[in-house]
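Following: one structure in C-alpha cells, then a few remarks.
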Amino acid sequence: MAKLARPFALLAIVIFASGAAAAQTIEDVTTARFEGRFLEAADLGEAVGTSEGYALAAQSLAIYGHHLAATKEEKQAVLTRAVDLGERAVELDDSNKLAHQELAHAMGRYAETLPTTQALSGGYAEKTIASMQRGLEIDPDFVYGHLAVGGWNAKIIDAAGFLGAVIYGASEDAALAHYQRATELAPDNVIVMAGYASSTPTISGVRPRNCSRASRPRPRRTRSSG
C-alpha cells in the first residue's frame, strides 16, 4: 500500500508546486515590471498563459516600446507583440478590465509609430476608445480607465481640434470630466497626477498648479492671456 501511495503523493506535490509557481510567476511579472526589466516581464507574463499574465505582458511591452526601444523597427516589432498579447488577454477573459485597458494602451502606442493618415485609416482612434470604454463598462470606478479616456479626448482635441470632435466625438469637457473623476477616486495617486498634469495644458489653457498636485487645476484662461 505504501508503494501504491507514493505516486499519488508525488502527483499531489507536483500539482501543489505548479500552482505555487503560477502564483509566484505573476508576482515575478509585477516585480520585473517595477524594476524596469520590461522585456523579461513580458516573457514571464506570456508564460503564465492567463488573461492577467497577457495583460501585464502587453503593458510591459507598451512601456518598453514607447520609451526604450532603440529604433523604429524595434519599436514597431515590440508594440505589434504588445497588441497581440492584449488581444489574447481579452479573448481569454472579456470581463478583465485590465485586459481591455492594456489592449488600448498597446494599440495607442503602436498607432503613434505610424504616419497620421495610416493611423486614421486603420481605425486606431476608434479601436482604442472602444477598448477603454469597455474597461469602464466593467468597472465604472476604474481609475486608470478614467485617466486613459481623459487622455484620449485631450490628445484627439489637441491634434484635430473641431474635426476631432466631429469625427471621433472627442471633447474638452469629456477629457476634464474623466480626469477629475480619476482624481476623485485616487487623489494621492502619483500616476493620476502626472497624467493629468501632462495633458491638461493642451485643453483650453487649463493648467494644474503643479505636477505634484495635478488634481487642483487653475481657472480657465484665454489663449491670449498666455
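Structure above, values below:
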quantity: Residue match in the range 204-223 (condition: polar (S, T, N, Q), modelled with pLDDT under 85, in a loop (DSSP other than H, G, I, E, B) and crowded, with 18+ Cβ neighbours inside 10 Å); calculated: yes
quantity: Condition met for Gly135 (touching a Lys or Arg at 6+ places or on another chain (Cβ under 8 Å), touching a residue at least 12 places away in the same chain (Cβ under 8 Å) and under 24 Å from Asp188 (Cβ atoms)); calculated: yes
quantity: Among (1) touching a Leu at 6+ places or on another chain (Cβ under 8 Å); (2) within 25 Å of Phe38 (Cβ to Cβ); (3) crowded, with 17+ Cβ neighbours inside 10 Å; (4) modelled with pLDDT under 95 - the single one Ser199 does not satisfy; calculated: (1)
quantity: Subset of the range 153-165 that is of a type in the set (A, V, I, L, M) and closer than 17 Å to Thr117 by Cα - its residue that is farthest from the chain's Cα centre (by Cα); calculated: Leu163
quantity: Enumeration of residues in the range 95-116 that are within 17 Å of Gln76 (Cα to Cα) and not hydrophobic (A, V, I, L, M, F, W, C); calculated: Glu102, His105, Gly108, Arg109, Tyr110, Glu112, Thr113, Pro115, Thr116
quantity: Segments classed as helices (runs of 4 or more DSSP H), wholly inside the range 35-118, with at least 1 members that are over 15 Å from the mean Cα position of the chain (by Cα) and in contact (Cβ under 8 Å) with a residue 24 or more places away in the chain; calculated: 38-48, 72-92
quantity: Which numbered condition Ser121 misses (of (1) buried (at least 24 other Cβ atoms within 10 Å of the Cβ); (2) over 23 Å from Ala175 (Cβ atoms)); calculated: (1)
quantity: Some residue of the range 128-147 being at pLDDT below 95, among the aliphatic types (A, V, I, L, M) and surrounded by fewer than 17 Cβ atoms within 10 Å (Cβ to Cβ); calculated: no
quantity: Scan of the range 30-59 for residues that are closer than 16 Å to His105 by Cα, in contact with an Asp or Glu (Cβ under 6 Å, 6 or more places away or on another chain) and buried (at least 20 other Cβ atoms within 10 Å of the Cβ), ordered by number; calculated: Ala55, Ala57, Ala58, Gln59
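The values are calculated or read from the model by the stated rules, or taken from the named source; none is laboratory data. Note that the coordinates shown come from a computational prediction; the quantities given were computed from them, not determined experimentally. Note that we place each Cβ from the backbone using ideal geometry, even for glycine, and neighbour counts take in every protein chain shown.
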